[in-house]
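For reference, the structure discussed in these notes is given below.
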Amino acid sequence: MAQTAWNIVVETLEAEMDQAPIRFFSTFSRLEWAFGQEGVTYTLKPPRVGINWDLVGQAFGGQFYKRIKEDPIARRLIDDPPQVITNEPGVGLHFDAEPPECGDSSAVFNALARIRNNFFHGWKRGLEADDRRHIDDGNAVLRIAYEFCDGHPKLGIVAHRLIYA
């Protein structure tokens, strides 16, 4: 059977992408879905669609933030958070020079969302070193978020939904 142009595109992208971004996208999207299953508790106010990461961070609170600070890889997200992509009229997409500070759990979850947005909407020439490091940082934070949820009286259902549909 002849190789189609589409198959070549897909195989090329799969060969260039290592497991870290795949792990990040799969777990972050599942976490986002799990919070969406909680009804209006963690979602943005209609008609907007999506998760309100500030509310998620508030539910996790200071103990979660403390765990992030104690983990050497996850802490890098606090020390050097990802920049914000903006779309400036007449210029197009670019990164703001200064990323928002990452001083609490809500900021950590907003930083995870920025990692996703930067990778999804950013440049596609391959993973730049900064993007790759932020994805590694994000994976460490996602692991801690799962561990924090697992067994938590209110957030345990989120951990359950990450594994079971």
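The values are calculated or read from the model by the stated rules, or taken from the named source; none is laboratory data. Just so it is clear, the structure is predicted and the values come from calculations on it, not from any experiment. In this analysis, Cβ positions are derived from the backbone assuming ideal geometry, glycine residues included, and neighbour counts consider all displayed protein chains. Surface accessibility is based on the protein's heavy atoms, side chains included, excluding ligands, DNA and RNA. Shrake-Rupley method; radii C 1.70, N 1.55, O 1.52, S 1.80 Å.
Some points to look at:
- Conditions (1) out of contact with any Gly (no Cβ under 6 Å at 6 or more places or on another chain); (2) part of a helix (DSSP H, G or I); (3) within 27 Å of Ala97 (Cα to Cα): number failed by Phe24: (1)
- Pairs, first at pLDDT 95 or above in segment 136-151, second charged (D, E, K, R), C-beta under 7 Å, six or more apart: Asp137/Arg76; Asn139/Arg23; Ala140/Asp71; Ile144/Arg67; Ile144/Asp71; Phe148/Arg67
- For segment 70-126, a residue qualifies if it is part of a strand (DSSP E or B) and surrounded by 11 or more Cβ atoms within 10 Å (Cβ to Cβ), and the qualifying residues are Ile85, Thr86, Leu93, His94, Phe95.
- Taking first residues from segment 30-44 that are over 14 Å from Ala59 (Cα atoms) and partners that are open to solvent by 70 Å² or more (accessible area, probe 1.4 Å), no Cβ contact under 7 Å between residues at least 6 apart in sequence or on separate chains turns up.
- Hits in segment 147-165 (condition: open to solvent by 70 Å² or more (accessible area, probe 1.4 Å) and assigned to a helix (DSSP H, G or I)): Glu147, His160, Ile163
- Of residues in segment 1-42 being among the hydroxyl-bearing types (Ser, Thr, Tyr) and touching a helix residue (DSSP H, G or I) at 6+ places or on another chain (Cβ under 6 Å), the one surrounded by the fewest Cβ atoms within 10 Å (Cβ to Cβ): Thr27
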